[in-house]
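The values are calculated or read from the model by the stated rules, or taken from the named source; none is laboratory data. These figures come from a predicted structure and were not determined experimentally. Every residue, glycine as well, gets a Cβ built from its backbone with ideal geometry; the counts of neighbours run over all protein chains shown. Just so you know, the surface numbers come from the protein's heavy atoms only, side chains and all, with ligands and any DNA or RNA stripped out. Shrake-Rupley method; radii C 1.70, N 1.55, O 1.52, S 1.80 Å.
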Amino acid sequence: MEPDVRSDAAMAHTHVRMSYLDALVQAQLEEMDRDQRVVLLGEDVAAHGVTRLIERFGKSRIWSTPISEGSFTGLGIGAAINGLRPIVDLAGASFVYLASDQIINQASKLQYMTGGQIDIPIVFRCCMYCLGSEAAQHADRPYPLFMNVPGLKIISPTSAADIKGLMKSAIRDGDPVLVFEDTRLWPVVGDVPVDPNHLIPIGQADVKREGRDVTVVAIAGAILPTMEAVDALGKESISVEVIDPRTLKPLDDRTIMTSVAKTGRLVIVENAHRVCNVGSEIAAVIAEQAFHFLKRPILRLSAPDIHVPFSPSLEKDFYPTKDHIVAAVRRLI
Amino acid sequence: MTGTHRSHGHPIGKGARLDALMAELMGKVSGICKGRGGSMHLADQSVGIISESGIVGGGIPLATGCAFSAKLRGSDQVSLCFFGDGAVNQGTFHESLNMASLWKLPVIYLCENNGYAMITSVAESHGQPDIAIRATGYGMPGATVDGQDVRAVFEAAAQAVTRARAGGGPTLIVANTYRFDEHNVGLITPGPPYRSADEVEAFIRDRDPIRLYRAVLLGEGASERSLSAMEEEVREAVKQAVEFGLQSPMPHPKTLPHFIFSSPPSNDGVSDTHKGICSNGA
Ligand SMILES: Cc1ncc(C[n+]2csc(CCOP(=O)(O)OP(=O)(O)O)c2C)c(N)n1
Ligand SMILES: [Mg+2]
């Protein structure tokens, strides 16, 4: 991915280079320092890169749970209702299904059903694995399911600076926030603001690359092949504008529409399955509200409506690749 | 039978084809699940293995359902459900054991208690670490056996089968065992070690079930030669299975949409527009 282009000297004091995963841990560390009510719950937490947090905060703030996703998620929700601000680490995003009853039927609804009496400040972490032969029960990208639920906020940042700023906003938020991380982004290094109040508002997209000809909206891990494709297309003098929504709900329609007004062409790239995914929502919104800007039909690239296969030969081209994206953009020119 | 992410051996015990199991681990088209399931999901319906769940606790209701069906159909089938010590903290365990007890279902819940779920010990995750006595709460017998002792496991299982076939309902068996390697091969966990090297070494040295049973057989008069011949036979079978896997082709990308439905609504089960990466079908 393209690093932020700012002068090195100016950044030396204000930023530090770190990986996406380190930035995520740093965000939690700073927020746990700032607010005693923030606690972390999850299975085998020590195995999932938070050793630093355990060393610093000890077991009274970091809780290793039994394998009971449904109930420790509900326990987190109850604790949030009663004065804590839990971060519930569900590890693999495929395990969020076990927690989904509590997230959907309780967390998303109680504020509403109690006429606003109950606040639920809680964060759910869901890590999406792919391209490692995890097979269908460990490789889902279930964020579209949750987009269909009122009362939930959903973030999916793609850079180290963005995960730090958005994770901090999520922890400070008064409502349930789901964080979907593509684990292939964990090692991606970037310049991250050191300011402990570096917050990125939930609901704000970012233009990752400015361009004239085609708008590509890349969701979560799809940013990686998208940036490769955009670099390749640049060599053919095709100028692509890349937008990372960063928040999937609420979606920042404005930023996408502004870009489409400029380019008139839209491709949406993501790794969720085809039917009713983020691309469907963006395509619908653009068709409804910005149809007059479109010079060509909207194209969506996604995983097909098929489960994730184990065999590397089948998984290899399962998600949109650089070549798929290049071909889609060319088709619109 | 239902298994777990760790159930590589169970299908062998049930008589599944070794070569097809090995090919599945390699993601080959000749694999027992055609390369779709892989390492954590070896299923062979032909020998009664309906699934191995990568979702911890995911197989427990399914095994219970198989037993439910067996009972309703009046068959003498008994359902065998494997899971780990970590899985007994899932709601599925409690909810399933209650129904099985309530309806006297022919099912054996076999907990392979290797002391750890990934890096979390039983002591750190169970309010009450004796798993077998949980059975009492559901009104079924619960037995703890030495899982490294082949005959002890066999006897406990045989008793449970007899009981199930006689209409006596489910049994919980906790077989105490140990994980010689990490949770998965190559897994590195940062921070202080979660178990001591001495503990691991002692189990490998003193409690290897194959070596223990070998000693029993020798003590009972089996000849060293016959045992070595048996071991050689197994080694050869594994070698051939590996060879079979290596020789087999990968599934063809065109077959990606296969097996989503048993009765495809159209064209392999997935409509054309949803088959590909791109929304215009290209
Ligand atoms: C629902 C669910 N939660 C978490 C995981 C991640 N996970 C895989 S195996 C495992 C530990 C399972 O422990 P145990 O049941 O004791 O089986 P063992 O691995 O020891 O054989 C965990 C937490 C998972 N696969 N499914
Ligand atoms: Mg275990």
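Filter the stretch B:165-180 for residues that are open to solvent by less than 60 Å² (accessible area, probe 1.4 Å) and away from ligand 1 (no atom under 16 Å from the Cβ) and give the result.
First pass over the stretch B:165-180, keeping only residues open to solvent by less than 60 Å² (accessible area, probe 1.4 Å): B:167-175, B:177-179.
Answer for the stretch B:165-180, where residues must be open to solvent by less than 60 Å² (accessible area, probe 1.4 Å) and away from ligand 1 (no atom under 16 Å from the Cβ): B:G167, B:G168, B:G169, B:P170, B:T171.
Got a number for residues in the stretch B:176-204 being part of a helix (DSSP H, G or I) and under 24 Å from the mean Cα position of the chain (by Cα)?
Applying the first criterion (part of a helix (DSSP H, G or I)) to the stretch B:176-204 yields B:197-204.
Keeping just the survivors that are under 24 Å from the mean Cα position of the chain (by Cα) gives B:200, B:203-204.
Count: 3.
So which of B:T162, B:T136, B:T144 ends up being open to solvent by 70 Å² or more (accessible area, probe 1.4 Å) and part of a strand (DSSP E or B)? Explain how you work it out, then say what you get.
Numbers: B:T162 fails: part of a strand (DSSP E or B); B:T136 fails: part of a strand (DSSP E or B).
Sole residue among the options that is open to solvent by 70 Å² or more (accessible area, probe 1.4 Å) and part of a strand (DSSP E or B): B:T144.
For B:E52, are the conditions met, namely being among the charged types (D, E, K, R) and in contact with a Cys (Cβ under 7 Å, 6 or more places away or on another chain)? Reasoning before the result, please.
Values: among the charged types (D, E, K, R): yes; in contact with a Cys (Cβ under 7 Å, 6 or more places away or on another chain): no.
Considered against the rule, which asks whether it is among the charged types (D, E, K, R) and in contact with a Cys (Cβ under 7 Å, 6 or more places away or on another chain), B:E52 comes out as no.
Restricting to the stretch A:252-293, what's the tally of residues that are surrounded by fewer than 21 Cβ atoms within 10 Å (Cβ to Cβ) and within 14 Å of chain B (Cβ to nearest Cβ)? Steps first, answer last, please.
Residues of the stretch A:252-293 surrounded by fewer than 21 Cβ atoms within 10 Å (Cβ to Cβ): A:252-255, A:257-258, A:261-262, A:264, A:273, A:275-276, A:280-281, A:283-285, A:287-293.
Okay, now just the ones that are also within 14 Å of chain B (Cβ to nearest Cβ), so A:273, A:275-276, A:280-281, A:283-284, A:287.
The total comes to 8.
Here's a check for you: in the stretch A:57-77, which residue that is open to solvent by 40 Å² or more (accessible area, probe 1.4 Å) and touching a strand residue (DSSP E or B) at 6+ places or on another chain (Cβ under 9 Å) is nearest to the other protein chains (Cβ to nearest Cβ)?
Of the stretch A:57-77, the ones open to solvent by 40 Å² or more (accessible area, probe 1.4 Å) are A:59-60, A:63-64, A:66, A:71, A:75.
In the following step, the residues that additionally are touching a strand residue (DSSP E or B) at 6+ places or on another chain (Cβ under 9 Å) were identified as A:60, A:63-64, A:66, A:75.
Values: A:S60: 15, A:W63: 11, A:S64: 6, A:P66: 4, A:L75: 13 Å.
Only one residue tops the list, namely A:P66.
Going by the structure shown, is A:V39 assigned to a strand (DSSP E or B) and open to solvent by 10 Å² or more (accessible area, probe 1.4 Å)?
Values: assigned to a strand (DSSP E or B): yes; open to solvent by 10 Å² or more (accessible area, probe 1.4 Å): yes.
Judged against the criteria, A:V39 is a match.
How many of the residues in the stretch B:11-32 are crowded, with 24+ Cβ neighbours inside 10 Å and under 30 Å from A:P66 (Cβ atoms)?
1
Could you list, in sequence order, all residues of the stretch B:28-51 that are away from chain A (no Cβ under 11 Å) and among the aliphatic types (A, V, I, L, M)?
Answer for the stretch B:28-51, where residues must be away from chain A (no Cβ under 11 Å) and among the aliphatic types (A, V, I, L, M): B:I32, B:A43, B:V47, B:I49, B:I50.
Among the candidates A:P121, A:P142, which residue alone is within 14 Å of chain B (Cβ to nearest Cβ) and within 18 Å of A:V88 (Cα to Cα)?
Numbers: A:P121 fails: within 14 Å of chain B (Cβ to nearest Cβ).
Being within 14 Å of chain B (Cβ to nearest Cβ) and within 18 Å of A:V88 (Cα to Cα) holds for just one of A:P121, A:P142, which is A:P142.
One line per residue, one yes/no per condition, for (1) in a helix (DSSP H, G or I); (2) under 30 Å from B:A87 (Cβ atoms):
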| position | (1), (2) |
| --- | --- |
| A:E30 | yes, no |
| A:A46 | yes, yes |
| A:R56 | yes, no |
| A:K59 | no, yes |
| A:I67 | no, yes |
| A:S71 | yes, yes |
| A:I77 | yes, yes |
| A:A80 | yes, yes |
| A:G83 | no, no |
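Would you call B:N113 of a type outside the set (F, W, Y) and surrounded by 18 or more Cβ atoms within 10 Å (Cβ to Cβ)? Spell out the reasoning first.
Working: of a type outside the set (F, W, Y): yes; surrounded by 18 or more Cβ atoms within 10 Å (Cβ to Cβ): yes.
For B:N113, the condition - of a type outside the set (F, W, Y) and surrounded by 18 or more Cβ atoms within 10 Å (Cβ to Cβ) - is met.
Considering only the stretch B:52-95, state which residues are among the small types (G, A, S) and within 14 Å of chain A (Cβ to nearest Cβ). Lay out the reasoning, then the answer.
Start the filter on the stretch B:52-95 by keeping residues that are among the small types (G, A, S), which leaves B:53-54, B:57-59, B:63, B:65, B:67, B:69-70, B:74-75, B:79, B:84, B:86-87, B:91.
Answer for the stretch B:52-95, where residues must be among the small types (G, A, S) and within 14 Å of chain A (Cβ to nearest Cβ): B:S53, B:G54, B:G57, B:G58, B:G59, B:G84, B:G86, B:A87, B:G91.
Kindly indicate the residue of the stretch B:116-133 that is among the small types (G, A, S) and farther than 10 Å from B:I173 by Cβ and also surrounded by the fewest Cβ atoms within 10 Å (Cβ to Cβ) among those meeting that condition.
B:G127
For the stretch A:294-307, which positions are open to solvent by 60 Å² or more (accessible area, probe 1.4 Å) and within 13 Å of chain B (Cβ to nearest Cβ)?
Looking only at the stretch A:294-307, we keep the residues that are open to solvent by 60 Å² or more (accessible area, probe 1.4 Å), and these are A:295-297, A:305, A:307.
A:R296, A:P297, A:D305, A:H307 - these are the residues of the stretch A:294-307 that are open to solvent by 60 Å² or more (accessible area, probe 1.4 Å) and within 13 Å of chain B (Cβ to nearest Cβ).
Within the stretch A:182-225, can you find the residues that are part of a strand (DSSP E or B) and acidic (D, E)? Talk me through it step by step, then tell me what you get.
Going through the stretch A:182-225, the residues part of a strand (DSSP E or B) turn out to be A:182, A:189-193, A:206-209, A:214-218.
Selection gives A:D182, A:D191, A:D206.
Determine, yes or no, whether A:P157 is within 20 Å of the chain's Cα centre (by Cα), touching a residue at least 12 places away in the same chain (Cβ under 8 Å), assigned to a loop (DSSP other than H, G, I, E, B) and away from chain B (no Cβ under 14 Å). Walk me through it before giving the result.
Working: within 20 Å of the chain's Cα centre (by Cα): yes; touching a residue at least 12 places away in the same chain (Cβ under 8 Å): yes; assigned to a loop (DSSP other than H, G, I, E, B): yes; away from chain B (no Cβ under 14 Å): yes.
Against the criterion (within 20 Å of the chain's Cα centre (by Cα), touching a residue at least 12 places away in the same chain (Cβ under 8 Å), assigned to a loop (DSSP other than H, G, I, E, B) and away from chain B (no Cβ under 14 Å)), A:P157 qualifies.
Quick check: is even one residue across the stretch B:115-125 away from chain A (no Cβ under 13 Å), within 19 Å of the chain's Cα centre (by Cα) and under 28 Å from B:S69 (Cα atoms)? So that I can check it myself, show each step before the final result.
Restricting attention to the stretch B:115-125, the residues satisfying the condition of being away from chain A (no Cβ under 13 Å) are B:115.
Checking the rest, the ones that are also within 19 Å of the chain's Cα centre (by Cα) come to B:115.
From what is left, the residues that are under 28 Å from B:S69 (Cα atoms) are none.
No: zero hits.
Name the single residue, out of those in the stretch A:308-333 being facing chain B (nearest Cβ under 7 Å) and surrounded by fewer than 18 Cβ atoms within 10 Å (Cβ to Cβ), that is nearest to A:D213 (Cα to Cα). Working first, answer last.
To start, the set of residues in the stretch A:308-333 that are facing chain B (nearest Cβ under 7 Å) comprises A:309-314, A:317, A:320, A:324, A:328.
With surrounded by fewer than 18 Cβ atoms within 10 Å (Cβ to Cβ) added as a condition, the list becomes A:312, A:317.
On the way: A:P312: 35, A:D317: 26 Å.
The selected residue is A:D317.
Any idea how many residues of the stretch B:151-175 are touching a residue at least 40 places away in the same chain (Cβ under 8 Å) and over 16 Å from the mean Cα position of the chain (by Cα)? Walk me through how you get there before you give the answer.
The initial filter retains those residues of the stretch B:151-175 that are touching a residue at least 40 places away in the same chain (Cβ under 8 Å), namely B:151, B:157, B:160-161, B:164-165, B:167-175.
Keeping just the survivors that are over 16 Å from the mean Cα position of the chain (by Cα) gives B:151, B:160-161, B:164-165, B:167-171.
Going through the stretch B:151-175 one residue at a time, the tally reaches 10.
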